[in-house]
Amino acid sequence: MVDLKRILLFFRSSLFILLADWLDFKSKKKKRRGICSSKILWIRRFSGFFFAAMLMIILSPSLHSFPPAEAIKSSHLDNYLRLPSYQASHSSKYRFSFRKASGFRNADECGFTDHRITGVCNPSLVHVAITLDVVYLRGSMAAVHSILQHSLCPENILFHFIVSDADLETLVQSTIPQLKFKVYYFDPEIVRNLISSSVRQALEQPLNYARNYLADLLEPCVRRVIYLDSDLVVVDDITKLWITNLGSRTIGAPEYCHANFTNYFTGGFWSDQRFSRTFKGRKPCYFNTGVMVIDLVKWRRVGYTKRIERWMQIQKRYRIYELGSLPPFLLVFAGRVAPIEHRWNQHGLGGDNVKGSCRELHPGPVSLLHWSGSGKPWLRLDSNRPCPLDALWAPYDLYGHPH
């Protein structure tokens, strides 16, 4: 455990020393002798001050928060959000409160932004789809916050939030007032009879399957979208991911061809030629569906939603896989994916689907950190049992505390 009191004391003393040295340096700046040594001393003092400040920011996420404003719960679901505050009930014991995020603006390099053009069909927009639900709400808000923090042109990003039941839209508006977004309702009944039991109950939730229906949910004028899971943070400009060249492919994602692909399906699948021959002529590799760039025009034209549903129907009868919403995507797209750099999905940080143990980063550069698996950073931080990499998620957490 880090002694935060000592860090605070060091921070305060370093600040006083810094100010004293600065004043001393100002009084001597007209003197030719001693200026160089004063500059060096001032820089050394500043280094200590800066190091203490960074320790506080990284190691004490709770210092980021201040008392949130009282919120109001929306009584209905609107496509566009107008209310200034929020309060949603997870149960009679929980009320969610988030602190207001700092404002953001486009950089000069983004060029002129016509704020009169607010429609979804604006061709200059970057489209990002994320699900919103009570269980993963904290993660979704952190993901959005991280995208805005690292984007050169954050005002050009439109978020498409997919929801099923909770009135969460007013919370988003009050937490990030400048955010461009639209909310879409996904009916759980569409997939309820298609979902099979999985190795982890969380993987059986209907909203996990909403990504299969983005081409139907989003407006026809939205030709491309980035789909992101709720348990990740982006530490690079998402526009770099947006401009991925998909070539003739419908989806793009980081592929992991070293993984044992056979493990994602049952022995019965591989022994039955009716099923296993689906990969004939392909070189299938595992990819994680939590980060995908999707060409919605091609998706709609081919009708991939129906193909995924067909495999889900086969699964209900023959039990050909164990892992929720991932295998149908592999069956339809594996070997037909536009490869994206691994830096855009450093996945598996949540451990496996049972224990959720701590993991290390994969070798190489990082643009996106993904806590796929059963261990989520907000739960581990709240239980005072975080993994080392959870400290990289904490600075983007906008959550207050349950009342």
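The values are calculated or read from the model by the stated rules, or taken from the named source; none is laboratory data. Since the structure is predicted, the reported quantities are computational estimates derived from the model, not experimental observations. Neighbour counts run over all protein chains shown; Cβ positions are idealised from the backbone, glycine included. The protein model used for the area step is the full one, side chains on, heavy atoms only, and it has no ligands, DNA or RNA in it. Shrake-Rupley method; radii C 1.70, N 1.55, O 1.52, S 1.80 Å.
Would you confirm whether or not the stretch 219-230 contains a residue that is over 27 Å from residue 374 (Cα atoms), surrounded by 14 or more Cβ atoms within 10 Å (Cβ to Cβ), of a type in the set (D, E, K, R) and under 20 Å from the mean Cα position of the chain (by Cα)?
Yes, the conditions are met somewhere in the stretch 219-230.
Would a scan of the stretch 343-351 turn up a residue that is of a type outside the set (Gly, Ala, Ser) and more than 30 Å from residue 392 (Cα to Cα)? Talk me through it step by step, then tell me what you get.
Within the stretch 343-351, the subset of a type outside the set (Gly, Ala, Ser) is 343-347, 349.
Imposing the further condition that a residue be more than 30 Å from residue 392 (Cα to Cα) reduces the set to none.
No, every residue in the stretch 343-351 fails to be of a type outside the set (Gly, Ala, Ser) and more than 30 Å from residue 392 (Cα to Cα).
Being open to solvent by less than 10 Å² (accessible area, probe 1.4 Å) and either within 18 Å of the chain's Cα centre (by Cα) or without any contact (Cβ under 8 Å) to a residue 24 or more places away in the chain (or both) is the filter here; which residues of the stretch 319-347 pass it?
Within the stretch 319-347, 345, 346 qualify.
Residue 384 is checked against (1) touching a residue at least 12 places away in the same chain (Cβ under 8 Å); (2) open to solvent by 60 Å² or more (accessible area, probe 1.4 Å) and fails just one. What number does that condition carry?
Unmet condition: (1).
State yes or no: is residue 397 open to solvent by 10 Å² or more (accessible area, probe 1.4 Å), of a type outside the set (Phe, Trp, Tyr), closer than 18 Å to residue 136 by Cβ and at pLDDT 95 or above?
So residue 397 passes the test.
Anything in the stretch 274-318 that is assigned to a loop (DSSP other than H, G, I, E, B) and either among the charged types (D, E, K, R) or under 25 Å from the mean Cα position of the chain (by Cα) (or both)? List them, or say none.
Within the stretch 274-318, 280, 282, 283, 285, 288, 289, 290 qualify.
Among the residues of the stretch 348-360, which ones are without any contact (Cβ under 8 Å) to a residue 60 or more places away in the chain and buried (at least 20 other Cβ atoms within 10 Å of the Cβ)?
349, 359
Can you go through 245, 208, 193 and tell me which one is open to solvent by 20 Å² or more (accessible area, probe 1.4 Å) and under 17 Å from the mean Cα position of the chain (by Cα)?
208
Listed residues 264, 256, 286, 304; which is of a type in the set (Ser, Thr, Tyr), closer than 18 Å to residue 365 by Cα and open to solvent by less than 50 Å² (accessible area, probe 1.4 Å)?
Testing whether each residue is of a type in the set (Ser, Thr, Tyr), closer than 18 Å to residue 365 by Cα and open to solvent by less than 50 Å² (accessible area, probe 1.4 Å) leaves just 256.
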